[in-house]
């Protein structure tokens, strides 16, 4: 069956970038994360990408126990593909970051494809007051933070998850990350179809200009040909503009409060589902249709929700 007009919507519901003081709508507790993921799936997301947080402080929590508080409920309530982060937060070690995916063996796990500066401190120009001390410290600390994803780190994650049949959302924040992925493809350590998530607008990675989007797509086409499926995410205010450009070019899209808190200029999104509905309207306005979770499984050659360990 041809899925040429189908768009896979991924929704990243909370992440580790934004802090609780930035938006009252950011999911923090296990119940909020579960509700956000289920709502996003009901709105049309085929994949939900998940991080966990401390329910009291909202600080990113990469312990398997934190994920166990919401994973079964999401699985029982929706057919959506569940994608677990191995990115965690930039200040965590790769051994910490891989633990939830290693234990729960999801259909998909994210995998960052290169080390980079990861500058979040510009958000201090907008957000001044914080409920928890870790919030300001994390943002300020990103001035002198290298998000480590070395070749050895990437091999470590591939080794931990490969035997479980987990496939990957390869997060590529710059052109060099595409070349890193091509290196692993050439070595036979990853196989197609590659799910390549191009990330735009993080300080330290490629920018959000339309030419940057075109450059990433042209490079991926040259490196991977028909062996990959392309998706994009735009950080902050760039979210919907980049999604619209990619959807018009035949790509897939990612939205969610991990990537952007906004639903229009100066308007906080009240839920992840709101962003899914907004991007779905763009997709359908372009004459394309959204992929169901089972269609996404077929497009990405996933193992199926019955083969996870939760």
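So that you can scan it fast, the table gives a plain yes or no per residue for (1) more than 18 Å from residue 159 (Cβ to Cβ); (2) at pLDDT 95 or above; (3) surrounded by 20 or more Cβ atoms within 10 Å (Cβ to Cβ):
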| residue | (1), (2), (3) |
| --- | --- |
| 71 | yes, yes, yes |
| 79 | yes, yes, no |
| 85 | no, yes, yes |
| 93 | no, yes, no |
| 100 | no, yes, yes |
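Can you confirm whether residue 114 is modelled with pLDDT of 95 or more and either more than 30 Å from residue 267 (Cβ to Cβ) or in contact with a strand residue (DSSP E or B) (Cβ under 6 Å, 6 or more places away or on another chain) (or both)?
yes
Mind checking which residues of the range 199-210 are out of contact with any helix residue (DSSP H, G or I) (no Cβ under 7 Å at 6 or more places or on another chain) and not in a strand (DSSP E or B)?
Selection gives 202, 204, 207, 209.
With assigned to a loop (DSSP other than H, G, I, E, B) and touching a helix residue (DSSP H, G or I) at 6+ places or on another chain (Cβ under 8 Å) as the only criterion, which of 213, 196, 190 stands out?
Going through 213, 196, 190 in turn, just one is assigned to a loop (DSSP other than H, G, I, E, B) and touching a helix residue (DSSP H, G or I) at 6+ places or on another chain (Cβ under 8 Å): 190.
What are the residues in the range 282-293 that are farther than 16 Å from residue 106 by Cβ and assigned to a helix (DSSP H, G or I), if any?
Answer for the range 282-293, where residues must be farther than 16 Å from residue 106 by Cβ and assigned to a helix (DSSP H, G or I): 282, 283, 284, 285.
Filter the range 236-245 for residues that are surrounded by fewer than 24 Cβ atoms within 10 Å (Cβ to Cβ) and over 14 Å from the mean Cα position of the chain (by Cα); which is nearest to residue 215 (Cα to Cα)?
245
Step by step: first the residues of the range 1-32, then only those that are part of a helix (DSSP H, G or I) and in contact (Cβ under 8 Å) with a residue 40 or more places away in the chain, then the one that is farthest from residue 259 (Cα to Cα). Which residue is that?
30
Restricting attention to the range 33-58, which residues are in contact with a helix residue (DSSP H, G or I) (Cβ under 8 Å, 6 or more places away or on another chain), surrounded by fewer than 18 Cβ atoms within 10 Å (Cβ to Cβ) and in a loop (DSSP other than H, G, I, E, B)?
Across the range 33-58, the qualifying residues are 54, 55, 57.
Could you please find all residues in the range 213-235 being surrounded by fewer than 19 Cβ atoms within 10 Å (Cβ to Cβ) and touching a strand residue (DSSP E or B) at 6+ places or on another chain (Cβ under 7 Å)?
Within the range 213-235, 227 is the sole residue that qualifies.
Quick one: is residue 184 part of a strand (DSSP E or B) and over 18 Å from residue 90 (Cβ atoms)?
Criteria not met by residue 184.
Considering only residues that are more than 18 Å from the chain's Cα centre (by Cα) and surrounded by fewer than 21 Cβ atoms within 10 Å (Cβ to Cβ), which ones fall in the range 274-291?
Within the range 274-291, 281, 282, 284, 285, 286, 287, 288, 289 qualify.
Take the conditions over 19 Å from residue 71 (Cβ atoms), surrounded by 22 or more Cβ atoms within 10 Å (Cβ to Cβ) and touching a residue at least 12 places away in the same chain (Cβ under 8 Å) and apply them to residue 113. Does it pass?
For residue 113, the condition - over 19 Å from residue 71 (Cβ atoms), surrounded by 22 or more Cβ atoms within 10 Å (Cβ to Cβ) and touching a residue at least 12 places away in the same chain (Cβ under 8 Å) - is met.
The values are calculated or read from the model by the stated rules, or taken from the named source; none is laboratory data. Computed from a predicted model, the values in this text were never measured in an experiment. Every residue, glycine as well, gets a Cβ built from its backbone with ideal geometry; the counts of neighbours run over all protein chains shown.
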